[in-house]
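Chemist: Below is one structure. I have some questions about it.
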Amino acid sequence: MAEKTSSPRTFNRRPDRDRPVVREEFKERVLDNRRVTRVVAGGKRFRFRVTIVIGDERGRIGIGVAKGLDVQQAVAKAKADAKKNLLTISLKDGRTIAHEVNAKYSAAKVMIKPASKGHGLRAGGSVRFVLAFAGIKDATAKILGRTPNKLTNAMATIEALKKLKA
């Protein structure tokens with residue numbers, strides 16, 4: 001009887017060990033997740049709208065908004081949108097902004113002030129995530145508008161950061 005030659009055992013091999021680890025370039029956070037409806041003949045169509053903020057904590061920041069049939073698809077589309085809308089800001093001493101800025105976007109108003117070293121990031125809501133992902137470690141921010149909408153508050157923060165002089 002002829003001996004059967006078998007291939008070497010492969011069940012102990014870990015194929016992912018040899019692959020290099022791909023580190024994500026940006027940190028990301030979902031700011032807002034809403035279920036939106038469209039009324040059509042025969043009922044309602046549900047979709048998900050996701051607002052996401054991405055940043056590398058070294059001066060690059062972006063916000064993306066997208067809709068999808070499920071949350072996972074909406075997050076992927078919003079992340080791609082955020083990468084298209086990246087804003088690069090220059091940080092003073094790598095930790096704060098150069099001067100005070102105010103901005104308005106829709107109903108949202110935001111004020112951002114620089115702070116001394118060790119002060120920390122004092123901001124609330126979506127403004128805090130935008131500033132943290134931009135790499136600002138010492139600043140004070142205040143939402144002056146009355147809207148609780150996370151998207152417009154985040155966009156007002158982006159408008160304020162656009163006003164920074166290099």
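A short reminder: the numbers here are calculations on the coordinates, not readings from a lab. All figures in this text were calculated on a predicted structure; none of them were measured in a lab. Backbone-built Cβ (ideal geometry, glycine too); neighbour counts: all protein chains shown.
Chemist: Give the peptides 111-123, 25-37 in descending order of average Cβ contacts within 10 Å, highest first.
Modeler: Values: 111-123: 15.4, 25-37: 13.8.
Averaged packing, sorted descending, gives the order 111-123, 25-37.
Chemist: Continuing with this model, one more query. Expected output is a single nm value to one decimal: the length gained when fully extending between residue 113 and residue 99, i.e. 0.36 nm times separation in residues minus the C-alpha distance. What is it? Display every interim value, and only then the final one.
Modeler: On the way: separation 14, 0.36 × 14 = 5.04 nm, distance 0.65 nm.
Result: 4.4 nm gained on full extension.
Chemist: Okay, next question. Using DSSP, restrict attention to beta bridges with both residues in the range 90-162 and report what percent are antiparallel, rounded to the nearest 5.
Modeler: Numbers: 11 of 13 bridges.
Here the share of antiparallel DSSP bridges comes out near 85 percent.
Chemist: Take each of the peptides 60-67, 72-79, 39-46, 144-151, average the number of other beta-carbon atoms within 10 Å over its residues, and list them starting from the highest. Please report the intermediate quantities before stating the final value.
Modeler: Working: 60-67: 21.5, 72-79: 18.1, 39-46: 8.0, 144-151: 14.8.
Result, highest mean first: 60-67, 72-79, 144-151, 39-46.
Chemist: Could I ask something else about it? Nearest 10 degrees, 0 to 90: what angle lies between the long axis of helix 150-162 and the longest principal axis of the chain (Cα atoms)?
Modeler: For 150-162 against the chain, the angle is about 70 degrees.
Chemist: Tabulate in residue order the Karplus-calculated ³J(HN,Hα) for the range 99-108, using 6.51 cos²θ - 1.76 cosθ + 1.60 with θ = phi - 60°, rounded to whole Hz; enter x for Gly and Pro.
Modeler: Karplus values, whole Hz, x for Gly and Pro: 7, 6, 9, 10, 8, 10, 9, 6, 8, 8.
Chemist: Using only the Cα atoms of the range 27-87, what are the Rg and Dmax in Å?
Modeler: 13.3, 50
Chemist: Related question: Quick one: 3J(HN,Hα) in Hz for the range 58-67, Karplus 6.51/-1.76/1.60 with θ = phi - 60°, rounded, Gly and Pro as x.
Modeler: 9, x, 10, 9, x, 10, x, 10, 7, 10
Chemist: Same structure again: What percent antiparallel are the DSSP beta bridges of the chain, to the nearest 5? Intermediate values should be presented prior to the final figure.
Modeler: Numbers: 35 of 37 bridges.
Taking every DSSP beta bridge with both residues in the chain, the antiparallel ones total about 95 percent.
Chemist: Rg and Dmax in Å for the range 77-166, alpha carbons only: what are they?
Modeler: 12.4, 38
Chemist: Going down the list 27/109; 44/67; 44/83; 113/163; 27/77, which pairs span over 20 Å between their C-alpha atoms?
Modeler: Values: 27/109 25 Å; 44/67 16 Å; 44/83 31 Å; 113/163 13 Å; 27/77 16 Å.
In this structure, 27/109; 44/83 lie more than 20 Å apart at Cα.
Chemist: Could I have the simple spin-label model distance between residue 30 and residue 73, label points 7 Å from Cα toward Cβ, reported in nm to one decimal?
Modeler: 1.5 nm
Chemist: Please list, in chain and number order, the residues 5+ apart from residue 59 or on another chain whose amide H is under 5 Å from its amide H, with Hs placed from the backbone.
Modeler: Here the answer is 135, since their amide H atoms fall under 5 Å of that of residue 59.
Chemist: So what are the ³J(HN,Hα) numbers for the range 89-95, from phi and the Karplus equation (6.51, -1.76, 1.60; θ = phi - 60°), rounded to whole Hz, Gly and Pro as x?
Modeler: 10, 9, 9, 7, 6, x, 9
Chemist: Still on this model: How much of the pair distance distribution for the chain lies past 28 Å, counting alpha-carbon pairs only, in percent? Could the numbers behind the result be given before it?
Modeler: Values: 5128 of 13695 pairs.
Cα-Cα pairs in the chain separated by more than 28 Å: 37 percent.
Chemist: Under 5 Å between amide hydrogens, which residues at least 5 positions from residue 97 or on another chain qualify, with H placed 1.01 Å from N in the peptide plane?
Modeler: 92, 115
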